[in-house]
Amino acid sequence: MNGNAGATGVAQSRERVRDWFARTAPLIEWSEMDSPLGVLYLAQSGAGLCRLTFGGTEDDFRALLPSRAKSRRNPDALGDARKQLDAYFGGSQVRFRLPVDLGEMTCFQQRVLRRASAIPAGELRSYGELARDVGSPRASRAVGQALGRNPVPIVVPCHRVVGSDGKLTGYSGARGIESKRWLLRFEGAPLGEAPHG
Amino acid sequence: MVRFETLIELHHDELYFYLRRMTHGSTSDAADLMQETWLRAWQAFDRLRPGSNPRAWLYRIATNCALNALRNGQREFPWQEERELPDEGRLPHEQLEHRENLEMVLKEIGLLPPRQRAAVLLRYGHELRYPELASVLRCSEESARANVSLGVRRLRRELEEK
């Protein structure tokens, strides 16, 4: 960095800071795709798919990316995720096989989401059942909170978890219960019936 | 929660110009202090609370870096001519006069004691409100006002004598 850069001093400093940041911060690549639920925004870290949103703007999506990360739009990234999501929305009974990065969640929340990932399409589980499955039978409420923080809805199918009477009690994805109902109908789940598993 | 890369895009330039004025117009010292500022911000980023004012937080870090460097006497900060002064919409002879006047004011600001210099630059150059200024200088709002007022008075006196 020289001292007589004059009018380019600020530009040089900006580039130097950007270079430093690119070397320091973890890289998140993101991409988007069309779906029946509107544009899906997808992001991946080195560990896997770390964010999926729909029903919002690009800015809404980027604001949710890890705050220390350097984000880069890369239309060629996330090929596997886009292919599997296309197959899912095309009607195949896809069981998503993607590495998922849940690194920003607690161990308990990760256990809940991993367990939710195992619920087959077309089936429902209750919060209580999921709480029992993760070894904390009294933690239905905490299970609900963990599902509410799911960073990759659809791929981790938290929409397949409903109240013990079959009621759709909440959904963290865009348009809330309306989207949850759409996804469950689309998968042919027995809506309105009490879940069993 | 605000993202770190957004902070760089939004605030790098204004912080750089602030540090340059704090270091008598030196581009190399400003760039070094700028690096130090972002490094410290990166290390402290987890302590930035959601809903707090990230701009004032960054100015506080930059101010600490600059005041430490000045206090430690690590750098002499000789005065360097400003080359990035705004000239928009002025005729060439007006530009010259404007630059000369601005240069003189900035030079005098550079001669203020460091805390007063920071206070005057932040209040009038970067338009921080007094509560923000108090948070940057880690003092009461009254003390922030006193620093600005002392600095302005001294500046006026020096300029009147010229």
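A straight chain from B:Asn101 to B:Glu9 at 0.36 nm per residue would run longer than the Cα-Cα distance by 30.0 nm.
In chain A, the sites counted are GluC sites (Glu not before Pro) in DSSP loop states with at most 14 other Cβ atoms within 10 Å, and the longest stretch holding none of them, exclusive of the sites, is A:1-103.
Which of the trypsin sites (Lys or Arg not before Pro) found in the range A:124-163 are loop residues per DSSP with 16 or fewer other Cβ atoms within 10 Å of their Cβ?
Values: sites: A:Arg125, A:Arg132, A:Arg138, A:Arg141, A:Arg149, A:Arg160; in loops: A:Arg138, A:Arg149.
Loop-located and lightly packed - A:Arg138, A:Arg149.
The equivalent ellipsoid that matches the C-alpha gyration tensor of the protein assembly as shown spans semi-axes of 55, 21, 17 angstrom, in descending order. Each residue of the range A:94-100 was assigned a 3J(HN,Hα) from its phi angle through the Karplus expression (A = 6.51, B = -1.76, C = 1.60, θ = phi - 60°), giving 6, 9, 4, 10, 9, x, 10 Hz with x at Gly and Pro. Please compute, over every Cα-Cα pair in the range A:6-89, the percentage with a separation greater than 22 angstrom. Every Cα pair in the range A:6-89 considered, those over 22 Å come to 36 percent. Let me know the Kirkwood hydrodynamic radius for chain A, please, with Cα pairs as the basis and the value in Å to one decimal. One over the average 1/r among Cα pairs gives 18.3 Å for chain A.
Only the coordinates and a few stated rules stand behind these numbers; no lab work does. As the structure is a prediction and not an experimental result, all values here were calculated from the model. Note that each Cβ is placed from the backbone with ideal geometry, even for glycine, and that neighbours are counted across all protein chains shown.
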